[in-house]
1. Between VAL117 and residues 5 or more places away or on another chain, which pairs have amide H atoms under 5 Å apart, with H built 1.01 Å from N, and which residues are they?
2. So which of LYS81/LYS142; LYS26/LYS237; LYS195/LYS237 end up more than 24 Å apart by C-alpha?
3. Using the eigenvalues of the Cα gyration tensor, what equivalent ellipsoid semi-axes result for the chain when each is taken as the square root of five times the eigenvalue, whole Å, largest first?
4. Using only the alpha-carbon atoms, what does region 190-304 span along each of its principal axes? Please give whole angstrom values in decreasing order.
5. Under the Karplus relation 6.51 cos²θ - 1.76 cosθ + 1.60, θ = phi - 60°, what is the ordered set of whole-Hz ³J(HN,Hα) values for region 87-95, x standing for Gly and Pro?
6. At 10 °C and 1.306 mPa s, grab the translational diffusion coefficient of region 41-80 from Stokes-Einstein with a Kirkwood Rh over Cα pairs, rounded to a whole number in µm² per second.
7. Among 86-96, 44-54, how do they line up by average Cβ neighbours within 10 Å per residue, starting with the highest?
8. Using only helices, what value at 222 nm comes out for the chain when you add -39,500 (n - 2.57) per DSSP H run of length 4 or more and divide by the total residues, to the nearest 500 deg cm²/dmol?
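The values are calculated or read from the model by the stated rules, or taken from the named source; none is laboratory data. Values in this document were obtained by computation on a predicted structure and should not be read as measured data. When we count neighbours, we look across all protein chains shown, and the Cβ atoms used for this are built from the backbone with ideal geometry, even at glycine. Please note that ligands, DNA and RNA were not included when accessible areas were found on the heavy atoms of the full protein model with its side chains. Shrake-Rupley method; radii C 1.70, N 1.55, O 1.52, S 1.80 Å.
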Amino acid sequence: MRYRRLGRTGLTVSEIGYGCASWWGKPRFPEADALGLVHAAIDLGVTFFDTGASYSAGEAEPRLGRALAGRDVSRLVIATKAGTFHAGGGRIARDFSPTAITASVERSLGNLGLEQVQLLQLHGPAIGELTDELRSALADLKQRGLVRAFGVNSFDTAVIEHVVGLPDFDVVMVDYNVLRPEREPLIHRAAAAGKGVLAGMALAMGHTGLKVAKLKGPQDLWYAARGLVRHRDEVLKGARFGFLHRQPGVTGSQAALAYVLENPHVACAVIGTTRLAHLQENAVASGMELPPQVRAGILGAQRR
Ligand SMILES: NC(=O)c1ccc[n+]([C@@H]2O[C@H](COP(=O)([O-])OP(=O)(O)OC[C@H]3O[C@@H](n4cnc5c(N)ncnc54)[C@H](OP(=O)(O)O)[C@@H]3O)[C@@H](O)[C@H]2O)c1
């Protein structure tokens, strides 16, 4: 596993990060398997773990806390999010008020069993929600030692552009993968401003032509349904990248990750997986050279 600096945070992160979200955090996914994946990720050299207060209907964060209990977390960078929370009945509510964000951080620390969150990202705020009052509450959390660095996770270009100009935030997490080359200028500008850049959805949620074709477990049905209901664009665009899964010497996921990590401004590609074999396959993508003919194929598919 290779490691990169996360902007100016002073933190170093593994090139492959593990996303503790979605099916991984759901009670229907066995606890032993979920915890085992975190432990295997640590053994593979993964040091960046990404979760959120609202992930998996609020179940992901305490589950990650249980996975970390009794482990040496000194080399790990545990990142969580605030601003969205599970409001019951599968509903996600938003609250970016200073009081709500402060309470969320305090709850997250309890859930994770940590004294400090290395990275707290605001989860999809609107520009108008990044008020002076909120920024002063964030400064207070830092001063109390509860949070080391702040970031914003957003897939809205205008929000990221705005955050790039704010000194309070050291990190941005954007949706960057083979389907989203249009993110590259923004990533470049963020890095030039000293921000650490995280690629969320680094595998385009698995929609590069493989998910719908292989339904082996309940998680596959869940991810396929999520794609069809909420991410049709990804599913449709992803169909152009089926060739990635027919290359010699590199799997489709490794090729897609190697593409993301070819971008020197990306510190870490964050991937969610519920399968050990996938985790191991993804870890190998760190340090892998993207074969020139595969790169050419990706660029061609992006232009179509
Ligand atoms: N999606 C969002 O809206 C979002 C928003 C903000 C942040 N994030 C962060 O980004 C992380 C990643 O996003 P994500 O989980 O939505 O999408 P993702 O990592 O792009 O894709 C996850 C999907 O890819 C599959 N997968 C992973 N490795 C694979 C492999 N080697 N071969 C084949 N399939 C593979 C997984 O299935 P298996 O379980 O079968 O491996 C799952 O269906 C999240 O965990 C979260 O921390 C996501």
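1. Amide H neighbours of VAL117: VAL147, ARG148.
2. LYS26/LYS237; LYS195/LYS237
3. For the chain, the ellipsoid semi-axes come out as 29, 22, 19 Å.
4. Principal-axis extents of region 190-304 (Cα, largest first): 40, 31, 30 Å.
5. After applying 6.51 cos²θ - 1.76 cosθ + 1.60, I find 9, x, x, x, 8, 9, 9, 10, 7 Hz.
6. 149 µm²/s
7. 44-54, 86-96
8. Taking each H run of at least 4 residues, the total per residue is -12000 deg cm²/dmol.
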